[in-house]
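Asker: Quick one: the structure is below, questions incoming.
Laboratory data are not the source of any read-out in this text; all were calculated from the coordinates shown. Because the structure is a prediction, the values reported are computed rather than measured. Counting neighbours? That spans all protein chains shown, and the Cβs are built from the backbone with ideal geometry, glycine included.
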Amino acid sequence: MLTIYHNPRCRKSRETLGIIESSGAMMEVVEYLKTPPTKGELKQIIEKLGIKPEGLIRKGEAIYKEKYKGKSLTDDEWIEAMEGNPILIERPIVVKGDKAVIGRPPENVKELL
């Protein structure tokens, strides 16, 4: 079972979702802007991705530029920033078991299929 943290307004997210649908894999779709992951869920996702929390931040977002650009935050502070502002979370994220990938490019999801 796959879980995709999805934003239907994002082309890369829609493309990743399409690859999963074409594969026939069972999945759960989480529209993370409507149902943001908790701090604990974010920690688990980041661990499965094998990255630092700052690596999951969308640095092109206005809120990043206004509030966070040029700042040095701890891992917990980055996670709190994403929890409070889910638009900052890179998308899409696909999780399967103890592994996860960011669908940029969308073909990354094939590692989990």
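Asker: Given Cβ point charges of +1 (Lys, Arg) and -1 (Asp, Glu) and nothing else, what value in debye, to the nearest 20, does the dipole of segment 2-112 about its Cα centre take?
Answerer: Magnitude of the dipole: close to 420 debye.
Asker: Tell me what the chain gives for mean residue ellipticity at 222 nm when only DSSP H runs of n ≥ 4 count, each as -39,500 (n - 2.57), the sum divided by the residue total, rounded to 500 deg cm²/dmol.
Answerer: Value at 222 nm, helices only: -10500 deg cm²/dmol.
Asker: Of the listed values [x] 614; [y] 93; [z] 104, identify the label whose number matches volume of the Cα convex hull per residue in Å³ calculated from this model.
Answerer: Of the listed options [x] 614; [y] 93; [z] 104, [y] comes from this structure.
Asker: Measuring from label point to label point, each 7 Å out along Cα→Cβ, what is the Met26 to Lys43 span in nm?
Answerer: Label-label distance for Met26 and Lys43, simple model: 2.8 nm.
Asker: State, as an integer percentage, the relative contact order of the chain based on alpha-carbon contacts under 8 Å between residues 6 or more apart.
Answerer: Averaging sequence separation for qualifying contacts and normalising by length gives 37 percent for the chain.
Asker: Cβ neighbours within 10 Å, averaged per peptide: list 93-101, 21-29 in order, most packed at the top.
Answerer: So the peptides 93-101, 21-29, ranked by packing, come out 93-101, 21-29.
Asker: A further question on this structure: Give the percent of DSSP beta bridges with both residues in the chain that are antiparallel, rounded to the nearest 5.
Answerer: Roughly 60 percent of the DSSP beta bridges within the chain come out antiparallel.
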